[in-house]
Each structure stands twice: as C-alpha cells, then as structure tokens.
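**Q** Sending over a structure as structure tokens; questions will come in a sec.
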Amino acid sequence: MALKIVKGSIDRMFDKNLQDLVRGIRNHKEDEAKYISTCIDEIKQELKQDNIAVKANAVCKLTYLQMLGYDVSWAAFNIVEVMSSSKFTYKRIGYLAASQCFHEGTDVIMLTTNQIRKDLSSPNQYDTGVALTGLSCFVTPDLARDLANDIMTLMSHTKPYIRKKAVLIMYKVFLKYPESLRPAFPRLKEKLEDPDPGVQSAAVNVICELARRNPKNYLSLAPLFFKLMTSSTNNWVLIKIIKLFGALTPLEPRLGKKLIEPLTNLIHSTSAMSLLYECVNTVIAVLISLSSGMPNHSASIQLCVQKLRILIEDSDQNLKYLGLLAMSKILKTHPKSVQSHKDLILQCLDDKDESIRLRALDLLYGMVSKKNLMEIVKKLMLHVDKAEGTTYRDELLTKIIDICSQSNFQYITNFEWYISILVELTRLEGTRHGHLIASQMLDVAIRVKAIRGFAVAQMATLLDNAHLLTGNTQRNGICEVLYAAAWICGEFSEHLEDPMQTLEAMLRPKVATLPGHIQAVYVQNAAKLFATVLRKHDGETESQAAQETSQLLIDRLPLFVQSANLEVQERASCILQLVKYIQKLQQKNVEVAEEVTALFAGELNPVAPKAQKKVPIPEGLDLDAWINEPPSGSESEDEKPKAVFAKEEPKHSRSRHTEVDEKELARRREVRKQEQASNPFYIKASPSSQKVYDAPGVEHIPVVQIDLSVPLKVPGMPMSDQYLKLEEERRQKEKAERKKKEKKKKREKRGKERKADSGPESEEDITPAHQVDIVTEEMPENALPSDDDDKDPNDPHKALDIDLDKYVPHCRHLQFIHVLHIVMCRNEFFSKTEIYDFRRIQKKMLCSIETRLNQLSWFPVQKSSKHKKKKQKKEKEEKEKKKKKRHHHHHQHHGDAGGEDSVQNGTVEEEEPLPVSQSHSVSLKREVKVYDIQGNHQDESKVVVSVIFENKSDSFLKAMEFNVLDSLNSKLQRPEGAGAHDSLTVPFQLPPGVSNEARFVFSVQSIVMPQKLKGTLTFIVKSDESSTHEKLDFKLHFTCTSYLITTPCYSDAYAKLLESGDLKGSSLRLEGINMPFHHLLARICFHHHFSVVERIDSCASMYSRSIQGHHVCLLVKTSDQTVSIDAKCDEPSLLGNVLDEIKQTFSKC
Amino acid sequence: MIKAILIFNNHGKPRLIRFYQYFAEDMQQQIIRETFHLVSKRDDNVCNFLEGGSLIGGSDYKLIYRHYATLYFVFCVDSSESELGILDLIQVNLLQFVFVETLDKCFENVCELDLIFHMDKVHYILQEVVMGGMVLETNMNEIVAQVELQNRMEKSEGGLSAAPARAVSAVKNMNLPEIPRNINIGDINIKVPSLSPF
C-alpha cells in the first residue's frame, strides 16, 4: 500500500504541473495552439486516472487554459470530483475551477448540493470558507433554495471569518431566491452590530446593495446607520453608509437635515479623498431633496460647488473627473450655481482625456442659453471633426442634438442653422445615430412650419447626393437620414422648386440597395411627388412634362415591385398600377391632377409619444376579450404586411376616393397574382424585367468624383458656420435698431431713469430669426397626466422589493417553523366611549389578519383586569363562534397572489384586544414577535425556538419572563436548579421600537404527534409616570413538519431504504392542484423540509428525516391537476400527520 | 457590485480574469480584448476611470483601472462602489488597504512572472479580498493572515507524499542553462521504477 502511494507520487512528480504548462506555452510561441491541444490531450488522460492528486493537478491546469479562452466545460464532472476531495489543497483547486467556469446552465451543478452542504458544515473553517467563496460565484436558484438555511446558520458561526463570508453571500442568495430575504433579514440586521469589523462591513455591504435598489424598505434602518456613521472609523464602511444615505434622503427629507451637520464635519476632518468625495456627493443629494421644501440652502450649495471646483482644478485627473461627475448632479436642480463655472467646464472640453471631456459634455447641457448655443455647438462640431473613435464622436452627436432640442427647442433662435447642423452631421462616418438625426429632421420639419421651405430644399439636395451617404457600406447607420429626407420632400413637396428632379433622384436604381423600410418610404413619397408634379402642370392640355413623369414612374417602379421586402413590393405594385391607370387617363386628356392630389390630402400633426397610452380605457371595455373568436391556425402571416403598412404610414384620414382606388388595385393585384400562380411559365424575376432594372441603371449611375483626402462636403450644402456670422450680424443690427428705438424713447421720456443698454444682452432680447410656430405635440382630450414608471420588469432586484417592516401574513420563511406575532402597544388614549368602537375595529382587524395568517401566527391574550369583564366575555364567545366558522372557511378566504404560501405551522390561538388600565382607557397597537423552531440531528430530542420580541409601544419594557406550561411530552429546558414551573428571564430589556431575539430550548420526547403548548410572557411596562405589570398569553404549535430536517439522500441509498421493507406506506391524493410540477416540489421542499432525490418528468421521489431519525420517503406523481403522493415512513402516525399537513398546505392554494 | 476583475499585461495577454457574472469563454476573451484596447491607448497621466466598454456595458458601470509597470489591473464596477475606494483597493492611496500591496507581501516582490506562474495563488488571495463581486475584506493584515494560514494548511497536507514533487519542481525552477529545457519526461518515468529493485 505504502509502496503504491510512493510510486504514485513518483509518477506524479513527472506530470506537468501548472508552472510547467505555463513555461511550455511560453516556449512554444509559434505553435501555441498546437502545443495547448497536446496539453489538453494529456490532461484528458490525467483526468481518467484514479489518483485525486493527478486529477487536481489537471483541473488546476484547466483553470489556466480557461483563462486563455479555452472552453473547459467538458471537464465539469471532474471538477466536481476534485471539489469533493477531502483534502483542502484539492478542494480549493476544485472550487476555484468551478467558480471560473460553472454557471446556471452547467448541469452537473445539481450534483454539488450535498457536497457543498457537507463542506459548509465542515469543522475546518477553511473548507467552509472555500465552499462559500466558490458558491458565491455559481449559486443558482436551486442551490440558493436548498442551501439558504445552512448559510443562515453560518451567519452566527463562532469564527468571524466564516460569519463575514456567510453574510456577504446572502446577497447572492437573495438575488436568486428572494423568498429568503424576509426570514434572514432580522439576523442580517443583527450583524450590523457584530463585534468583528469585517462582519459588520459585510453586513453594511449587503444592506447597502439591497437598499440601493429598493430604498424605501430600509428607511427604518436609518437610525442604526446613523449611529454606525458617527461611530465607525472604517472608511470603507463609512463610504458605503454615506452612499446609502444618499439613496435614502430623497425619501425622507428629515433625515437629510440631520445628516448635513455630521457630513460637513466629516468633510472638514477627513484626509481620505474618497470619503470626502462621497460626503460631498451625499450632501448634494440631501440639498437636492431639501431644495423643494427649503430654498434656504444656497450657502451649502455654494460650498459644495466650491469644493468641487477645487477638485476639478486639481492636477489629479481622477479628482477632476469626479468633480465634474458630481457637478452634473447639482446641475439638475441648481443650474445657476453651476453656470458660474462655465469657463472651467468649457476648458475641460479641451482636455486630452476623453473621460473628462465626456463628463464636461454632460454639463454643457445646462450651460447653454439662446445667446451662446451657436457658439457652443460650433465648438462641438469642431470636436466632431477631430474626434477619433466612434464612441466619443457618437456621444458628441447625441449631445449636440440633446442640447439643441432640449425643452422643445427652447434655445434655438435660427432653425435654418439647426437644419444645416443636422445636415452637416450626416457627414459623420460610421455613426450609429442616423435615426436620431432623422427623427430630429422630421421633428423640426413637422413642428416648425416656417422652416419647411428651407428644410425641403436641404433634403432635396441630400437625396440628390444620396450616393455620398450610401456609397460606403460601413456608413449604413447614416442612411436612416434618407428616410427622413424622402418623407419630408414628399410630404411638403409643395415647397420643392423642382419636384421632377427630386422624383428622379428618388427613383435611381441605387435606391434598391437601401434597407427595406427606407425604400418603402421612397416609393410612397415618389407617389406624393408625382401628385405634386401633376398638379404643377395642371391645366396645360397635353402636358408633355406630366406624361414624362408618368413614364418615368412606369419605367422605374418595376425595380421596386421585385423587391424582396414585402412592404416595398406591395407599395410599389400598388403605385405602379395607379400610375398606369393615370397614364391611360392622361392619354385621353382627362384632368387627373385634382384627384391624384386628393390621395395625399390633409395635414399631419405631431402626436405625443405616450398619447395612446394616456387615454384611459373607457368603462366596460375589456381589451383582452376576443372580438371574434380566434380562427384556428395561420392567420398572422397574411395580415402581417398590412399591419406593417398601417404602422409605417399613419395617414388614416384619406378621402374616400383613395379607398375605392386601393380596393380596385387590390382586386387587380389579386387577379394578377392568380394569373401568375396559374401560369406555369411565370418566373418571378423574369429576364425581361431584369432588363428594365439594368437599363435605367446604366444611364443613371452617377459619375462621382470623391476626393477622399478632403473631408467630405455635401455639395450645395450651406455651412452652418456662416449662420454664426449671419446671426451675429443680425443681432448687431437688431441691437442697433433697438438702441435707436430706445434713444427715441429716451428722447420722449427725457429725465427718466436710464436703462443700461451697453451691458450684455439678456435672454429675452434675442429674438428668433424666423417667425417660428412650434407646434406642440397633440395629446388626446382626456389624457391622464400621470407619468409612467419605466421600471425594467426583468430587473432581478425587483423581486427583492420587500417591505421588511410590514408583517406579511404569508411570510415565506425558510425552514422556520413558526412565525408568531404578538402585537401589543399601549399609547394612544381614547375616551371610554371610543374604546368600544376601537375594540370592534381591532377585533375585525385581528380577525381578518388571522384569516390571512392562516394559522401562522398567534396573538397573545391580554388579560384585562377589572373593566368590562362581562362585555369581554360576550365578545369572547362571539369570537369563538366566529373562529369555528373561520376554521371551516378560511381555506377559501386565503387569497395569496404569489401562489406560494405559508405553512400550517404556527397557529393563531387566541386574541383579545385591549388591556385597560385603571385610570386611562388605553388602546392598542401591539408588539410583534417572530420566532422559528429548528431541530438538529445532533440532538434528537431538542428543538430550538427563537423568538423575536419587538416593542412597538412607546414605553420601556423590562423584566420580561417567558414561561411555557410543560406537557408530558415537551418541556422547556430550564437552567439547573430551577423548578419545573419557573419562568425564564429574557436576557434583555426593550426600549420603545427595538426588537431582539431570544432562544429557548425545548426537549421533546415523542415527535409523532403535533402539539400545542400554552405559555405566558410577563413584563413590566414602564412609562413616564408609572410602571405596570402586564401579561401576554400565547400558544406554541409544534407541527410534525417542524421535526423534519432537510436531509439529502442519494438515489442508491434511497432505493436500498425502500427495498429494506422496514417502512410502512400511506398515500394521499390532492385534486385541483393547478401549478407547475417544479413549483409543487419546491413547495413541499420548502414548507415541509424535504429534498428531491430524483425527478423524472412528472414524477419525483423525495426524502426527509426527522430529528429522531425516522425516514420519510415520498413519491409524488402528477397528471392533470391531480397529485398523488405515496409515502413511506417507519413511523405511521408521524407519516399520517405529515401528510395531513402537506394536504393543508395545498388546500390553501 | 464588482462585475469583473481583469489583470492583463501591456500586450493584452490575460494574467488573471475573474468574472462575477457569467460570460461564455469567447465572450470573456472579447471583453478582455476590448478592455485592453480601451485602456492601452490611454496615456498614463489621464484619469483612471473609463465609461462605456460596450460589452461589459450599461450606463451604470464603469471601468476603474491602474497601470503598474507591465500590468493593467482593471475593475468593472457599478455605481454602488466608490470610484476612489476601488482605486484605493487596487493600491494604497489614502486609505490603508490594497490588493496589489497584498500581492506584494505574499510574493515578496510582485512582478509579472509571479502572476504568470502562480495564477492559482493570486486567485486565492483575490478570494480573500473580493467575494462574489463584493468587497470582503480591506484590512491587509487580516488578508495576509488568512492567506498564510491556508497556505500552511496546504503544506501540512502535502506532507511526505508531496516532497518528491516539490523537489522536482524546485529543480525545474532552477532554470539552469545547461539543463535542456524540455526533459523527456517519458524516459525518466520508465527508468525510475526499474531502479528500485523490489
């Protein structure tokens, strides 16, 4: 044996290890791929060996190769083997490899559950640590669900090293399995005050991540964090907390006020730049949140801005960058205070560092005014020309458009200038933002009526020079512009000087290389232009020009009729037939212009993008109801082109004339299609039509001379720069005129105050060059003013939006058995008459809560002293009656939208409101208490019940004593020497609003039956003037499920267990279960502590073990809505009870 | 959250990659290439933040990197991390903790070769600093202590049976010029058992 080991290790020492592999790769620079492939072959051989050391070495090398980009997923099973080695050295290698290459799609991951669980509970802290680290990288929803409870236990591990890792990994678990957040949260909160700074930091980290996404649920933690902020010296923790406060302040302005002072102190005292920066950032957030309520913080804003200016002026580029970043936050609410630093920001625009330029760009948005817009944009245009790299240039482009179009083109005084800027931007090579420019062009042309003439002329030139835009295949992003150009030229064709030329440009064969949707617009707008041309030549009898136009269309359109794009094809064939028809009429000298123009009559108005959404749905209209029963089968394909048509061309208000024509055309096309279909010789792209395609193509291929050394300039385009000069002159002129006028005025009003006219022009003085009529977007009459909340529904954090303060009845606790609530609070004073009402309300409330709680929690009995005993008795009786009823009905009542719901675990036992003290009538809010019961395998007769006491009253609670009336079967474990009925002192006191957890151990003898224990909690309520002794009664419900512990089982062991014949069977049928099978399994696992051994289709075997070692096996099968569970257990009565509990769980859905 | 940590050299060769979000291998390589492309063309005296590597992307994310001699250390983080804090994490700046400093201590004096030959060790160190995309520990002494304890454990586990392998690798690492670089392992492997006359 020893010899074998020695031999093995001698063999091994000549295997390549990681260093050899790396060295080898470095020595084979020329044929690296070949060398690596031989290495992989070697590794495959090594993985086949039995020696775990060899395997681990191979896996280690694979991890390296993975880094170089080699897919190593084929070795996933071997990685799992290495992970399960008992030696730390190998285990670590295995977990490292797993964390590098496992992901949710890796199928062997499900094999690891038990191994990881074993490692987590390993006595060696580094085994646990390595498992946690690995798990943090490849945790899946299944793993999270199965291991959440184990990890939660580790959060209270004795070693801080494990605690901090367990705390941190909980965030990953929450993300994958949101149900675990609620039960884990109290413990997580506890860890905020852990004595170990590392654990504390981890807890802060996790809560900050959680709160960042759903801040409102964590507002209640603010006082705790505030305390941490003032006490902690760990900068890392401080930064996190301060960042968190930044997220919280918008929700709670009072918090902000409290923060300003300590934050300012930190700003002054800290030497850490990172901390200082985050403080400034949060102060800004505070000021922003306060600004609405209190305008009196301008001094603080100035302070922040000044601090930031210092950062921006710093030679350290990082600080400069961050300063600009923070500045942009202030800009949103206090643009004026930023504007005074315009010089600095414009200077940053010339910085050699792209990141800084980008940040400065963000700020420019707030810097512009009517006066300097042109100047700033000119500067940006220069940058566009110089910019290397498309990212920065695209960013510039979007910023230019943003700046110009902001608040409804507020700062644009000259739209001709803006159009020429847009046209100039089309020269950009390879930009992704063609559609952006296009939409701006459309927007301006539609909304600014005065500009249409100019815009149309520009667009016509663009169309004429389309080859410049489309010439290079890489530039296809920009050809979107042609979409806009074609549409504008068509729609506003009355402004065109030479529509014929534009029409010709739009029908060039080269157009066929454009994307389909653009071609479609081309074709449609060619028809519009055609109408315009006809109209122009209206009245001239036998007009040569009109007929030529028709001929042009008839010649060119067949090219589009052949288009592969349905949209283009359909429009083209429609229009072609129309034109042919018109030509016939023309030849008969019929006046057609009028009627053709009528096709495109009517003006389009801009409609707000959300207009449709904002129309409230009229009452009684069910949008989901079928209008007609859906036909079975393929209806969608035929309708598709139609739908697209309607979408692209929203001109629904055509004259009736059109409809007739289109119907006619449709009919004809149908006939034609049928003809074609029945004609066996018809080939779609016939050679003759190919000729038609070629002939005009040759004629019209433009001979272009592009000198690429010179920056591309679209010929005939006005340069935007000249507008700057023009504008300057215009303003000068205006100024002069104004001066004249003012002088006149002055002359008239001699002796009156003089206006300083030599100063800089104010905004209002600048008048737009054109009489601009900006059409605002139309909204439907009864639009709702609300804004839509655009939250990404796929955001994993959405699931974590759980209000942790609110008690939710169907609390999904992990394997926690009971959740119980004791609500009691005693602070609001009511007069005696009011009491009664209040009690009734409370009773109702409690009843409804109870129904929903569904036996999950219990309420304490508050034994009220002297008052109204009679009445209470009556009430009690009533209540009891109600309760009975409820027990019959609550299954139906239970409305749980989430589908997954609570276990029948704890039981609402008794409730009775109102402690009435002698002198005052006191109403109740109450106090909440949550507890869980957990057993463990090590001790087969003990269960731990943890109880969370929360004081919701305004009084101080102290001297709490917890007592349970022991039954024969279950006993509360009391310290030695204590009597059998003595109470246990709860080892803490509760100030108002504070909660704490205490644990009590119960010893249980028989676990085969569920049982209830009665208990009481006594405590002293201390208020300002008095202190009273109070008492709460409650009952604990130990279900049989609570004695089960999720225990993994391998399928072979499971089979053996079933074969052994020691187990007795029982079965259960559930009808009407309407949930996916995996949900069903998850629910059984979750609520009843089972684990899935094997699952085949709609059949699964499950296993669990009781704390006393009873095996419980389930075989779950499902077929439409019926679930049958065959169960086996060595203890029939335990099994019966567990099955009853399962039945109850499912009867609730 | 930290989305990824990449270490590569001046030629873009990866020395350590650690993604906290799944990407397929080819995607990982593409990200490395693109990140290298972005980072390498920047001067040393510009800021250490970069936005919009389109692959690792999203407007919430940015790249924070440092350049040491022949190595780039790049972190991709979202807005919940403090920019300067991460820079500090990469190297002691104003706070007291670091990643590179930790490497320094553990490897005596870190240089690229150490990273090349001990990628696994670097991973183990990194695991003590960042876990699952969140910063686990910033106290350098604590990190070093934990790493050393684990290494000691590994050594004690190796024990006798690992000794020959260690000896061989020590010989290999001596890197003497007269020893041929590629020992024919196969031959020796056959000879060794024949030497022992059992």
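The values are calculated or read from the model by the stated rules, or taken from the named source; none is laboratory data. The structure displayed is predicted, hence computed values, not measured ones. Backbone-built Cβ (ideal geometry, glycine too); neighbour counts: all protein chains shown.
**Q** With (1) more than 10 Å from chain B (Cβ to nearest Cβ); (2) within 23 Å of B:V122 (Cβ to Cβ); (3) more than 39 Å from the chain's Cα centre (by Cα) as the list, and A:G94 as the residue in question, which single condition is left unmet?
**A** Looking at each condition in turn, A:G94 falls short on (3).
**Q** Could you tell me whether A:T1047 is surrounded by fewer than 20 Cβ atoms within 10 Å (Cβ to Cβ) and modelled with pLDDT of 80 or more?
**A** Numbers: surrounded by fewer than 20 Cβ atoms within 10 Å (Cβ to Cβ): yes; modelled with pLDDT of 80 or more: no.
Here the answer is no, as A:T1047 does not meet what is asked.
**Q** I'm checking my understanding of the structure. Among residues of the stretch B:1-45 that are among the polar types (S, T, N, Q) and closer than 18 Å to A:S355 by Cβ, which one is nearest to the other protein chains (Cβ to nearest Cβ)?
**A** We begin by selecting, within the stretch B:1-45, every residue among the polar types (S, T, N, Q); these are B:9-10, B:21, B:28-30, B:35, B:40, B:45.
Those left that are additionally closer than 18 Å to A:S355 by Cβ: B:35, B:40, B:45.
On the way: B:T35: 13, B:S40: 13, B:N45: 7 Å.
The extreme case among them is B:N45.
**Q** Which of (1) within 37 Å of the chain's Cα centre (by Cα); (2) assigned to a strand (DSSP E or B); (3) among the small types (G, A, S) is the odd one out, the single condition A:G1072 does not satisfy?
**A** (2)
**Q** Which one is farthest from the chain's Cα centre (by Cα), of the residues in the stretch A:27-53 that are closer than 28 Å to B:G158 by Cα and within 11 Å of chain B (Cβ to nearest Cβ)?
**A** A:N51
**Q** Moving on. Is it the case that A:L972 is on the phi < 0 side of the Ramachandran plot and crowded, with 19+ Cβ neighbours inside 10 Å? Step through it out loud before you land on a result.
**A** Details: on the phi < 0 side of the Ramachandran plot: yes; crowded, with 19+ Cβ neighbours inside 10 Å: yes.
It is true that A:L972 is on the phi < 0 side of the Ramachandran plot and crowded, with 19+ Cβ neighbours inside 10 Å.
**Q** Out of A:K399, A:K371, I need the residue that is in contact (Cβ under 8 Å) with a residue 12 or more places away in the chain, assigned to a loop (DSSP other than H, G, I, E, B) and either of a type in the set (G, A, S) or not assigned by the TED database to the domain that holds A:A466 (or both). Which one?
**A** A:K371
**Q** If B:V98 satisfies all but one of (1) part of a loop (DSSP other than H, G, I, E, B); (2) more than 11 Å from chain A (Cβ to nearest Cβ); (3) at pLDDT 85 or above; (4) under 30 Å from A:T233 (Cβ atoms), what's the number of the condition it fails?
**A** B:V98 satisfies every listed condition except (3).
**Q** Right, another one. Please work out which one of (1) at pLDDT below 80; (2) buried (at least 18 other Cβ atoms within 10 Å of the Cβ); (3) closer than 21 Å to A:D351 by Cα is the condition A:L428 fails and give its number.
**A** Of the numbered conditions (1) at pLDDT below 80; (2) buried (at least 18 other Cβ atoms within 10 Å of the Cβ); (3) closer than 21 Å to A:D351 by Cα, the odd one out for A:L428 is (3).
**Q** How many of the residues making up the stretch A:145-175 are in contact (Cβ under 8 Å) with a residue 40 or more places away in the chain and more than 19 Å from A:N996 (Cα to Cα)?
**A** First, the residues of the stretch A:145-175 that are in contact (Cβ under 8 Å) with a residue 40 or more places away in the chain: A:145-146, A:148-149, A:152, A:174-175.
Among the residues that remain, those that are also more than 19 Å from A:N996 (Cα to Cα) are: A:145-146, A:148-149, A:174-175.
Residues flagged as in contact (Cβ under 8 Å) with a residue 40 or more places away in the chain and more than 19 Å from A:N996 (Cα to Cα) within the stretch A:145-175 amount to 6.
**Q** Next up: Taking the stated definitions as given, is A:S232 out of contact with any Gly (no Cβ under 6 Å at 6 or more places or on another chain) and either in contact (Cβ under 8 Å) with a residue 60 or more places away in the chain or more than 9 Å from chain B (Cβ to nearest Cβ) (or both)?
**A** On the way: out of contact with any Gly (no Cβ under 6 Å at 6 or more places or on another chain): yes; either in contact (Cβ under 8 Å) with a residue 60 or more places away in the chain or more than 9 Å from chain B (Cβ to nearest Cβ) (or both): yes.
So A:S232 fits the description; yes.
**Q** Moving to a separate point now. Looking at the stretch A:315-328 only, could you name the residues that are surrounded by 19 or more Cβ atoms within 10 Å (Cβ to Cβ) and within 12 Å of another protein chain (Cβ to nearest Cβ)?
**A** Hits for the stretch A:315-328 are A:Q317, A:N318, A:L319, A:K320, A:Y321, A:L322, A:G323, A:L324, A:L325, A:A326.
**Q** Separate question: Taking A:P215 as the residue in question, decide whether it is in contact with a helix residue (DSSP H, G or I) (Cβ under 8 Å, 6 or more places away or on another chain) and either away from chain B (no Cβ under 14 Å) or on the phi > 0 side of the Ramachandran plot (or both).
**A** Details: in contact with a helix residue (DSSP H, G or I) (Cβ under 8 Å, 6 or more places away or on another chain): yes; either away from chain B (no Cβ under 14 Å) or on the phi > 0 side of the Ramachandran plot (or both): no.
For A:P215, the condition - in contact with a helix residue (DSSP H, G or I) (Cβ under 8 Å, 6 or more places away or on another chain) and either away from chain B (no Cβ under 14 Å) or on the phi > 0 side of the Ramachandran plot (or both) - is not met.
**Q** Keeping to the stretch A:235-272, report how many residues are more than 22 Å from B:M140 (Cα to Cα) and at the interface with chain B (Cβ under 10 Å from one of its Cβ atoms). Write out each step before concluding.
**A** Residues of the stretch A:235-272 that are more than 22 Å from B:M140 (Cα to Cα), as a first pass: A:242-269.
Applying the additional criterion that residues be at the interface with chain B (Cβ under 10 Å from one of its Cβ atoms) yields A:242-244, A:247.
Matching residues across the stretch A:235-272 total 4.
**Q** Just to verify a result, which residue in the stretch A:334-371, among those that are small (G, A, S) and within 14 Å of chain B (Cβ to nearest Cβ), is farthest from the chain's Cα centre (by Cα)?
**A** Going through the stretch A:334-371, the residues small (G, A, S) turn out to be A:337, A:340, A:355, A:360, A:366, A:369.
Filter again for within 14 Å of chain B (Cβ to nearest Cβ), leaving A:355, A:360.
Numbers: A:S355: 26, A:A360: 28 Å.
This residue is A:A360.
**Q** Would you point out the residue of the stretch A:103-136, among those that are more than 33 Å from the chain's Cα centre (by Cα) and in a loop (DSSP other than H, G, I, E, B), that is farthest from the other protein chains (Cβ to nearest Cβ)?
**A** Looking only at the stretch A:103-136, we keep the residues that are more than 33 Å from the chain's Cα centre (by Cα), and these are A:115, A:118-119, A:121-127.
Now drop any that are not in a loop (DSSP other than H, G, I, E, B), which leaves A:121-124.
Details: A:S121: 18, A:S122: 13, A:P123: 13, A:N124: 8 Å.
Result: A:S121.
**Q** Scan the stretch B:151-166 and report the pairs whose first residue is facing another protein chain (nearest Cβ under 8 Å) and whose second residue is modelled with pLDDT of 75 or more and assigned to a helix (DSSP H, G or I), with Cβ atoms within less than 7 Å and a gap of 6+ or a chain change.
**A** Once the first residue is facing another protein chain (nearest Cβ under 8 Å) and sits in the stretch B:151-166, its partners that are modelled with pLDDT of 75 or more and assigned to a helix (DSSP H, G or I) give B:M153/A:F88; B:M153/A:Y126; B:E154/A:F88; B:E154/A:T89; B:E157/A:F88; B:E157/A:T89; B:G158/A:T89.
**Q** Scan the stretch A:95-122 and report the pairs whose first residue is within 20 Å of B:Y20 (Cα to Cα) and whose second residue is among the basic types (K, R) and part of a loop (DSSP other than H, G, I, E, B), with Cβ atoms within less than 9 Å and a gap of 6+ or a chain change.
**A** So the pair list comes out empty.
**Q** Something else about it: Could you tell me how many of the residues in the stretch B:117-135 are assigned to a loop (DSSP other than H, G, I, E, B), more than 7 Å from chain A (Cβ to nearest Cβ) and closer than 24 Å to A:P197 by Cα? Before the answer, list the steps.
**A** Filtering the stretch B:117-135 for residues assigned to a loop (DSSP other than H, G, I, E, B) gives B:118, B:132-133.
Narrowing further to those that are more than 7 Å from chain A (Cβ to nearest Cβ): B:118, B:133.
Next, only the ones that are closer than 24 Å to A:P197 by Cα stay: B:133.
Looking only at that region, the number is 1.
**Q** Here's a follow-up. When you check A:I401 against the structure, is it among the β-branched types (V, I, T), under 21 Å from A:M441 (Cα atoms), modelled with pLDDT of 85 or more and buried (at least 19 other Cβ atoms within 10 Å of the Cβ), yes or no? So that I can check it myself, show each step before the final result.
**A** Working: among the β-branched types (V, I, T): yes; under 21 Å from A:M441 (Cα atoms): yes; modelled with pLDDT of 85 or more: yes; buried (at least 19 other Cβ atoms within 10 Å of the Cβ): yes.
When the stated conditions are applied, A:I401 passes them.
**Q** Which of the following residues is out of contact with any helix residue (DSSP H, G or I) (no Cβ under 9 Å at 6 or more places or on another chain), hydrophobic (A, V, I, L, M, F, W, C) and assigned by the TED database to the domain that holds A:L1114: A:F1077, A:F1034?
**A** Values: A:F1034 fails: assigned by the TED database to the domain that holds A:L1114.
Result of the check over A:F1077, A:F1034: A:F1077.
Yes/no per residue for (1) of a type outside the set (F, W, Y); (2) within 14 Å of A:V283 (Cα to Cα); (3) not in a helix (DSSP H, G or I):
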site: A:Y171; (1), (2), (3): no, no, no
site: A:R182; (1), (2), (3): yes, no, no
site: A:Q200; (1), (2), (3): yes, no, no
site: A:L259; (1), (2), (3): yes, yes, no
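**Q** Any residue in the stretch A:408-424 that is more than 14 Å from chain B (Cβ to nearest Cβ) and on the phi > 0 side of the Ramachandran plot?
**A** Of the stretch A:408-424, the ones more than 14 Å from chain B (Cβ to nearest Cβ) are A:408-424.
Now narrow it down to the ones that are on the phi > 0 side of the Ramachandran plot: A:408-409.
Scanning the stretch A:408-424, I find at least one residue that is more than 14 Å from chain B (Cβ to nearest Cβ) and on the phi > 0 side of the Ramachandran plot, so the answer is yes.
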